[in-house]
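Accompanying notes for the structure given below.
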Amino acid sequence: MDRTTRHSETRYGNRPTMKDVAARAGVGLKTVSRVVNSEPGVTPDTERRVQEAIDALGFRRNDSARVLRKGRTASIGLVLEDLADPFYGPLSRAVEEVARAHGALLINGSSAEDPEREQELVLALCARRVDGLIVIPAGDDHRYLEPEIKAGIATVFVDRPAGRVDADMVLSDSFGGSREGVAHLIAHGHRRIGFIGDQPRIHTATERLRGYHAAMTDAGITVEDAWVSLGSTEPGRVRAAAEAMLGGPEPVTALFAGNNRVTVTAVRVIAEQDRPVALVGFDDIELADLLGITVISQDAAAVGRTAAEHLFRRLDGADHAPARVELPTTLIPRGSGELPPA
């Protein structure tokens with residue numbers, strides 16, 4: 001074994017223990033334990049020697065056994081759809097702030113909109129004995145979580161309802177927000193309005209489509225099949241749908257984009273048109289204020305904060321029936337949704 005290998009094993013393979021600290025400081029294990037846990041009974045000089053040994057060795061207290069003795073691991077899991085989605089940034093940050101206020105660590109991961117990956121990630125977090133879970137569902141059957149919930153793992157579902165289990169959920173008003181956004185376009189003279197949304201198996205996509213249909217029905221407008229497109233939010237798919245709706249002899253005069261990723265591609269397609277096209281997007285996007293994009297805004301931070309607060313109330317013993325909280329959305333007019341038909 002060469003020197004490089006020995007160095008690597010020392011650095012990465014063996015963490016310093018309290019026994020190592022005790023040996024370096026020339027004290028007993030109990031003394032080190034008292035210093036580490038801020039307990040009384042240690043003279044200032046001894047405490048200084050122990051702390052110097054801790055600093056020199058890079059010792060870190062192993063909290064696992066300590067918190068398990070109390071029955072809590074002081075950690076919660078957050079399972080998102082996509083860590084790169086701008087919607088989830090403020091949501092995750094809000095959850096983390098609530099967790100921090102309760103002395104808990106947040107562990108998060110992404111399901112990539114894959115139900116199997118969601119289940120794998122959730123159960124991995126449960127195996128690490130997190131106290132609670134906040135889940136943005138990718139699948140529609142969460143019965144795999146029933147044993148964990150019965151075992152005491154508090155669970156709150158966010159953005160979309162749980163599938164086939166009873167649990168707390170915190171949602172945004174996708175139906176009402178979409179209905180308001182489409183009604184806004186109608187109020188500005190549009191009758192031919194296209195809807196481009198996410199995949200139909202996703203709850204928020206179907207709720208926003210339902211809001212679109214409700215607004216059109218309220219105005220006495222018959223929706224043509226060519227005006228509606230659900231599917232992947234991949235730019236190529238969205239572009240093809242938008243170009244089809246904006247082309248032909250009777251194009252739509254306005255678009256309603258079902259989420260922020262659809263909105264970004266719709267903005268690019270509309271910029272290439274030789275006529276003005278009105279646009280309202282669900283979810284705010286970066287620089288939307290500068291670009292003049294009218295949106296239906298969700299308060300992602302409020303969603304995350306509300307979910308985390310519900311979770312910690314459960315952890316503190318609340319045993320009421322599963323709650324469904326639906327937070328309102330806000331129409332922000334910035335210009336693109338106020339354009340009249342060309």
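What to note about this one:
- Among the residues here, Leu311 does not qualify as open to solvent by less than 30 Å² (accessible area, probe 1.4 Å) and part of a strand (DSSP E or B).
- Any hit, region 316-336, residues being open to solvent by less than 30 Å² (accessible area, probe 1.4 Å), in a helix (DSSP H, G or I) and of a type outside the set (S, T, N, Q): no
- Those residues of region 194-220 which are more than 24 Å from Glu113 (Cα to Cα) and in contact with a Leu (Cβ under 8 Å, 6 or more places away or on another chain), in sequence order: Gly194
- From the options Ala183, Ala162, Ala99, Ala138, residue that is in contact with a His (Cβ under 6 Å, 6 or more places away or on another chain) and either more than 30 Å from Met216 (Cα to Cα) or not charged (D, E, K, R) (or both): Ala162
- Filter result (outside any helix (DSSP H, G or I) and either under 24 Å from Asp289 (Cα atoms) or in contact with a helix residue (DSSP H, G or I) (Cβ under 8 Å, 6 or more places away or on another chain) (or both)) within region 249-271: Pro251, Val252, Thr253, Ala254, Leu255, Phe256, Ala257, Gly258, Asn259
- Count - residues of region 74-91 that are buried (at least 19 other Cβ atoms within 10 Å of the Cβ) and either within 21 Å of Phe312 (Cβ to Cβ) or modelled with pLDDT of 95 or more (or both): 7
- Selection count, region 74-115, where residues are β-branched (Val, Ile, Thr) and either in a helix (DSSP H, G or I) or without any contact (Cβ under 8 Å) to a residue 12 or more places away in the chain (or both): 2
- Matching residues, region 157-175, being closer than 15 Å to Val122 by Cβ, surrounded by 20 or more Cβ atoms within 10 Å (Cβ to Cβ) and touching a helix residue (DSSP H, G or I) at 6+ places or on another chain (Cβ under 6 Å): Val158, Arg160
- Number of the condition not met by Gly220 [criteria: (1) surrounded by fewer than 23 Cβ atoms within 10 Å (Cβ to Cβ); (2) assigned to a loop (DSSP other than H, G, I, E, B); (3) touching a strand residue (DSSP E or B) at 6+ places or on another chain (Cβ under 9 Å)]: (3)
- Only listed residue being surrounded by fewer than 19 Cβ atoms within 10 Å (Cβ to Cβ), modelled with pLDDT of 95 or more and not small (Gly, Ala, Ser), chosen from Arg117, Arg128: Arg117
- Any hit, region 283-296, residues being open to solvent by 50 Å² or more (accessible area, probe 1.4 Å), closer than 20 Å to Arg191 by Cβ, at pLDDT 95 or above and out of contact with any helix residue (DSSP H, G or I) (no Cβ under 7 Å at 6 or more places or on another chain): no
- All positions within region 176-191 that are open to solvent by 10 Å² or more (accessible area, probe 1.4 Å) and either farther than 17 Å from Leu331 by Cα or in a strand (DSSP E or B) (or both): Gly189, Arg191
- Candidate set: region 26-39, residues that are in a loop (DSSP other than H, G, I, E, B), within 43 Å of the chain's Cα centre (by Cα) and at negative phi; chosen: the one surrounded by the most Cβ atoms within 10 Å (Cβ to Cβ): Glu39
- Being crowded, with 21+ Cβ neighbours inside 10 Å and either more than 27 Å from Pro328 (Cα to Cα) or not aromatic (Phe, Trp, Tyr) (or both) is a property that Gly194 has.
- Every residue from region 272-304 that is assigned to a helix (DSSP H, G or I) and farther than 16 Å from Gly335 by Cα: Ala300, Ala301, Ala302, Val303, Gly304
- Scope region 130-157; condition part of a loop (DSSP other than H, G, I, E, B) and within 20 Å of Val98 (Cβ to Cβ); matching residues: Val130, Asp131, Ile136, Gly152, Ile153
- So Arg201, is it under 27 Å from Glu81 (Cα atoms) and either touching an Asp or Glu at 6+ places or on another chain (Cβ under 9 Å) or open to solvent by 50 Å² or more (accessible area, probe 1.4 Å) (or both): yes
The values are calculated or read from the model by the stated rules, or taken from the named source; none is laboratory data. Given the structure is predicted, the values throughout are model-derived calculations rather than measurements. Quick reminder, even Gly has a Cβ in these numbers, built from the backbone with ideal geometry, and neighbours come from all protein chains shown. The area values use the complete protein model at the heavy-atom level, side chains included, leaving out ligands, DNA and RNA. Shrake-Rupley method; radii C 1.70, N 1.55, O 1.52, S 1.80 Å.
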